[in-house]
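Student: Here it is, the structure in full.
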Amino acid sequence: MSEPQTVLPVRETPEVKEVRDVYGRRYRVGETDRQLIGRSRAWMIWLGGAAMFAAGVQQYGFGVIAPVLTGAHGWTFTEVVLSLALWAVCQASVAFPAAWLREHGKLPAAVAVTVGGVLCATGLVTLGHASSLTAVFLGYSVLGGIGTGLVYATCVGAVMRWFPDRTAARVGAVSGAFAYGSVPFVLIAGFGLSIGNRAMLLDVTAAVVLVVIAAAGALLRFPPRHWWPAEPDPRAWALDKVRNRSVSANRPAVRHYRPAELFRCGTTLSLYLTVVLAAAVLLFDLAYLATSVAEQGGGPGLAAVALAVLAGVTGTGRVLLGWLSDRLGRRRVLRLALVAGGIGQLVLSYAGEHHHAAGLILGVALAGLGNGCCYTLLVGLVREYFGEESMMQNFGVLYSAKAVGAVLGVGLAAIVVTSHGYSGAFAAAAALSLAGALLTGRLTQPGRPKSLLPAG
């Protein structure tokens, strides 16, 4: 008698096809997130958010580390703070080449994030042990900056691709983690970091950062190009003004632009300069806020609280403004944010002169809500101005404006602080933020007649 045969279930192959909506945008449909990665795409938010949570310490925690470095080796504050400027240049400059390599299959997400984690940890260890400025510039600024740039560009890019239907809100959540993730470190270091325990605290932080980023990077993946989730139908979503609130306030791009075509558009220069100004003000606050508070009688405790509020509001504000920009229009929300940031700098100038602690916290909150949120809005603006075919590379080109902002907001700001004091420097920062708000009036979709643009 023959043995009964076991019938194995046949795994169905999804029918993959490409469809287009009324705007001519392409979508790859037929594969669910679970078929591609074995789990919900929501995992990519948690993984990307965890990696960004750990990576942001080098930027948002620098303000509490800098005074300890000056005291440990007798370096001037200007010398120390220039390392943050170089760090930001390296971090921002990585976004475009990382996107280009990934699009050409030369830099898988897991590799980029894992390498980034190792370099992030290297930067923190350098700050804990370096006895020369050259070591700080090489270990923290160059290696740490490149590592953070790899993590940032990859995590933001992954969320952009996994959530084409909810890009602004989801990118806001992951980008926000880059800021508010540093709050615990800022408070611990602000109240407990000293010359004596500097190496131990930063070594422990580096180990945690490495483990978190590497673990998240090991599971991070990108979907196929133009992938769209099972629900909703992309052609219906493009026209659904009830479920897709962004339709009315943010029109799709007229056509797709390659990176080489960007600077043929007048809008690109205006958008680039807007990012430069917003980045300059935020990096100025991160570099000088803690020291200004301490020198004006606030003490290290209040300085740590101020930096923690700046990071926390910047992170949560990115989520809020991403949500608002879907409903009110990204250009309008960007303008309001930069105005709020400018007012925040004026409040900081007043609070510093009059030793007003409550005014300081209010000014910091406005600054974080305003100048720290332009990167989340930039993702949507790039998509809606220049199309989706090269969205991540185009984002990388415009994100590099942060490098120019670092030179302006950290390097040149040192001259203003020396000549006009902190109050004068905060007033100058307010002028830059308000100038950025005025520049948003020049942002128009390339190829679309101005008379047809929405109010937002």
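Student: Highest first, please rank the peptides 170-178, 416-424 by the mean number of other Cβ atoms sitting within 10 Å of their residues.
Tutor: Ranking the peptides 170-178, 416-424 by packing returns 170-178, 416-424.
Student: Based on the alpha carbons, how large is the Rg to Rh ratio for region 348-456 when Rh follows Kirkwood?
Tutor: Across region 348-456, the Cα-based Rg/Rh ratio is 1.06.
Student: Further, regarding this structure: Select from G363, P234, S194 the residue farthest towards the positive end of the dipole of the chain; place +1 on Cβ of Lys and Arg, -1 on Cβ of Asp and Glu, and compute about the Cα centre.
Tutor: It is P234.
Student: Over region 67-175, with a single point scatterer placed on each C-alpha, what log10 of the ratio I(q)/I(0) does the Debye formula yield at q = 0.12 1/Å?
Tutor: Each listed q maps to, in turn, -0.48.
Student: OK, next. With the Cα gyration tensor of the chain giving a ≥ b ≥ c as the square roots of its eigenvalues, does the rule (a/c under 1.5 for rounded; else a/b larger than b/c for prolate; else oblate) give rounded, prolate or oblate?
Tutor: Here the chain falls in the oblate category.
Student: Let me ask another. Could you give the size of the charge dipole of region 96-250 about its Cα centre, using +1 on the Cβ of each K and R and -1 on the Cβ of each D and E, expressed in debye and rounded to the nearest 20?
Tutor: The dipole of region 96-250 has a size of about 360 debye.
Student: Once the dipole of the chain is set up with Lys and Arg at +1 and Asp and Glu at -1 on Cβ about the Cα centre, which of G149, Y23, A431 lies farthest towards its positive end?
Tutor: Value computed over the given set: Y23.
Student: State the extension gain, in nm to one decimal, for the chain segment bounded by W100 and R448, taking 0.36 nm per residue of separation less the distance between their alpha-carbons.
Tutor: 122.5 nm
Student: Nearest 20 debye, what's the magnitude of the dipole of the chain about its Cα centre given +1 on Lys and Arg Cβ and -1 on Asp and Glu Cβ?
Tutor: 1440 debye
Student: Among V319, A401, T440, which residue has its Cα furthest toward the positive end of the charge dipole of region 300-456, with +1 on Lys/Arg Cβ and -1 on Asp/Glu Cβ?
Tutor: T440
Student: So, one more: Would you tally the net charge around S433, using a Cβ to Cβ cut-off of less than 14 Å, leaving S433 out, and scoring K and R as +1, D and E as -1?
Tutor: 0
Student: Over all Cα pairs of region 1-141, how is the pair count split among 10 Å bins, expressed in % and running from 0 up to the last occupied bin?
Tutor: Going from the shortest bin to the longest, the percentages are 9, 25, 24, 16, 12, 9, 4, 2, 1, 0.
Student: If you don't mind, there's one more thing I want to ask. Relative to the compact-globule scaling 2.2 N^0.38 Å, provide the ratio for the alpha-carbon radius of gyration of region 197-236.
Tutor: Output field value: 2.14.
Student: State the Cα centre-to-centre distance between region 33-74 and region 384-454 in whole Å.
Tutor: If you average the Cα positions of each part, the centres end up 24 Å apart.
Any read-out appearing in this document is the output of simple, stated calculations on the displayed coordinates, not a laboratory observation. In this text, all values refer to a predicted model and were calculated from it rather than measured experimentally. Neighbour counts are summed over all protein chains in view; Cβ atoms, including those assigned to glycine, are modelled from backbone coordinates with ideal geometry.
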